[in-house]
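*Asks:* One structure is given below, represented as C-alpha cells, and several questions about it will come after.
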Amino acid sequence: MTLVKEAPARPAEKRSAAPAAGRRGRRRENLAGYLFMSPWIAGFLLLTAGPMIASLYYAFTSYNLFTPPRWVGLDNFTTMFQDPRWQKSVQVTLKYVVVATPLKLLLALGVALLLAQKRRGQALYRAAFYMPSLIGASVSVGFVWRALFSDDAVVDRTQKIFGLDVGGWIGNPDYVLYSLVALSIWQFGAPMVIFLAGLKQVPQELYEAAEMDGAGPFRRFWNITLPMISPVLFFNVLLESIHAFQVFGSAYVVSDTRCGPADATLVYTCYLYQKGFKEAQMGFASAMAWTLVVAVALVTAVLFWSQKKWVHYEEAAK
C-alpha cells in the first residue's frame, strides 16, 4: 500500500506576494511608457499648450515684445473689429475658402473615380497625382508659382493665345487671388487618396444591381457612390476647410511678402503675421489668433451639425 503525501499548504505570505509583484510590474511598465512619452509631453507643454495659454493672456494686453505686457481688457478685440484691413483680410480669406475648397475636392473626387477603375500603371498615376501634395507647401514652389503667373510668363503667354490680354496675375489685384486658388487645387493629392480609399469600400454588388435595373452612370454615382462615401466626403470637407482658413505660406511667398497688390492676397494669417512680427503688436496678433480659433471652431460645429442631414453611416443604417 503506497501512501501519497499531500503537498504542503502555500504560506499566506507567498499568496499575498504575487499580487504585489504584479502591481510593481505594472508600475514599472507604466513608468517605462511615460518615459517614452516624455519627449512628446514636454514638446506639447512647452511648444503648444504653453504658447497657447500665453497668447490667450496676451490677447487682453498691450504687448510689443520689448516692454512688459499691460492689461487692456477687450481693447484689442474692439480695435480689431473696427480695423478696415482686418475686415479686408476676413473677406479675402472667406473668398479663398469658398472658391478653393470645393474646386479642390471636386478635382480630387474626379481623379479618384478615374483611378478607382482597374488599369495598367495605376500605382504610377497615384504617385504622380499625389506628389504635389508633398511639395506644394514648400517655399520653392511658391517662387515657381510666382514666376509662372508673372508678366510675360507662361500663363500670360498662354492666355494671349486665346485672346486674353490681362497680363500677369501676380500684379493684377483682380486675378492674383486666383493664382493662390490654382496652387491649392494643384495640391489635390491628399484628399484624392482619401476618396480613393472610400471608393474601394463601396460594394460592387450595389453597382451591378443598379445596372440591372437600368440605372445609368450618373444615377449610380448620385444614388450609390455619393451616399456610400459621404463619411469620407465629410472628413475631406472638414479637413480642407480648416486648412484653407490657415493658408499663409503660399500667399506670403507668391505675393513677394507684400500680401498684395492692394491687399488682394491679404489672407487672415498674413495680416496676423504683419501685426505680430512686423509691427510688434503681439497683443493685437494674439487677439486675431484666438478669433480665428473661435471662427474655425464654429465652422467645425456647423459642419458636424449639418452631417446629420447628408452623411450616411453604415452603423446608423443597421
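The values are calculated or read from the model by the stated rules, or taken from the named source; none is laboratory data. Bear in mind the structure is a predicted one, so any value in this text is a computation, not a measurement. Quick reminder, even Gly has a Cβ in these numbers, built from the backbone with ideal geometry, and neighbours come from all protein chains shown. For the accessible areas, the whole protein counts, side chains as well, though only heavy atoms, and no ligand, DNA or RNA atoms are used. Shrake-Rupley method; radii C 1.70, N 1.55, O 1.52, S 1.80 Å.
*Asks:* Provide a single number: the residues in the range 22-65 that are under 20 Å from Met288 (Cα atoms) and either out of contact with any Ser or Thr (no Cβ under 8 Å at 6 or more places or on another chain) or of a type in the set (Ser, Thr, Tyr) (or both). Steps first, please.
*Replies:* Of the residues in the range 22-65, the ones under 20 Å from Met288 (Cα atoms) are 47-65.
Still in the list and also either out of contact with any Ser or Thr (no Cβ under 8 Å at 6 or more places or on another chain) or of a type in the set (Ser, Thr, Tyr) (or both): 47-55, 57-58, 60-65.
Total satisfying the criteria: 17.
*Asks:* Got a sec? Which of Tyr96, Tyr130 is open to solvent by less than 90 Å² (accessible area, probe 1.4 Å), under 21 Å from Ala251 (Cα atoms), aromatic (Phe, Trp, Tyr) and part of a helix (DSSP H, G or I)? Break it down into steps so the answer makes sense when it comes.
*Replies:* Numbers: Tyr130 fails: under 21 Å from Ala251 (Cα atoms).
The match here is Tyr96.
*Asks:* Return the residues of the range 115-142 that are free of Cβ contacts under 8 Å to residues at least 60 places away in the same chain, among the hydrophobic types (A, V, I, L, M, F, W, C) and within 15 Å of Ala197 (Cβ to Cβ); say none if nothing qualifies.
*Replies:* Hit for the range 115-142 is Ala123, nothing else.
*Asks:* Sort through Val237, Val253, Val232, Val181 and tell me the only one that's farther than 28 Å from Phe277 by Cβ, in contact (Cβ under 8 Å) with a residue 40 or more places away in the chain and in a helix (DSSP H, G or I). Quick ask: steps written out before the conclusion?
*Replies:* On the way: Val253 fails: farther than 28 Å from Phe277 by Cβ; Val232 fails: in contact (Cβ under 8 Å) with a residue 40 or more places away in the chain; Val181 fails: farther than 28 Å from Phe277 by Cβ.
Checking each option against the conditions leaves just Val237.
*Asks:* Further, regarding this structure: Can you pull out every residue in the range 41-93 that is in a helix (DSSP H, G or I), touching a helix residue (DSSP H, G or I) at 6+ places or on another chain (Cβ under 9 Å) and closer than 30 Å to Ala182 by Cβ?
*Replies:* Correct list: Arg85, Trp86, Gln87, Lys88, Ser89, Val90, Val92, Thr93.
*Asks:* Do we find a residue being in a helix (DSSP H, G or I), over 19 Å from the mean Cα position of the chain (by Cα) and over 27 Å from Ser230 (Cα atoms) anywhere in the range 105-119?
*Replies:* no
*Asks:* Let me ask another. How many residues are of a type in the set (A, V, I, L, M, F, W, C) and modelled with pLDDT under 90 when one looks only at the range 46-91? Lay out the reasoning, then the answer.
*Replies:* Just the residues of the range 46-91 that are of a type in the set (A, V, I, L, M, F, W, C), to begin with: 46-47, 49, 52-54, 56, 59-60, 65-66, 71-72, 74, 77, 80-81, 86, 90.
Filter once more, so that each one left must be modelled with pLDDT under 90: 65-66.
Matching residues across the range 46-91 total 2.
*Asks:* For Pro191, work out the one condition from (1) in contact (Cβ under 8 Å) with a residue 12 or more places away in the chain; (2) assigned to a helix (DSSP H, G or I); (3) more than 21 Å from Gln246 (Cα to Cα) it doesn't fulfil.
*Replies:* Every listed condition holds for Pro191 apart from (3).
*Asks:* Here's a follow-up. Give the number of residues within the range 52-86 that are open to solvent by 80 Å² or more (accessible area, probe 1.4 Å) and either hydroxyl-bearing (Ser, Thr, Tyr) or free of Cβ contacts under 8 Å to residues at least 24 places away in the same chain (or both).
*Replies:* Final tally of qualifying residues: 11.
*Asks:* Among the listed residues Ala215, Ala264, which satisfies the condition of being surrounded by 14 or more Cβ atoms within 10 Å (Cβ to Cβ) and touching a Pro at 6+ places or on another chain (Cβ under 6 Å)?
*Replies:* Going through Ala215, Ala264 in turn, the sole match is Ala264.
*Asks:* Show the residue pairs meeting these rules: Cβ distance below 6 Å; 6+ apart or different chains; first residue within the range 148-177 and assigned to a helix (DSSP H, G or I) and at pLDDT 85 or above; second residue open to solvent by 60 Å² or more (accessible area, probe 1.4 Å) and of a type outside the set (Lys, Arg).
*Replies:* Matching pairs, first to second residue: Leu148/Val154.
*Asks:* Pairs needed: first member in the range 101-114, buried (at least 16 other Cβ atoms within 10 Å of the Cβ); second member anywhere, among the β-branched types (Val, Ile, Thr); C-beta distance under 6 Å; at least 6 residues apart or different chains.
*Replies:* As it stands, the answer is Lys104/Ile185; Leu107/Ile185, since those pairs meet every condition given.
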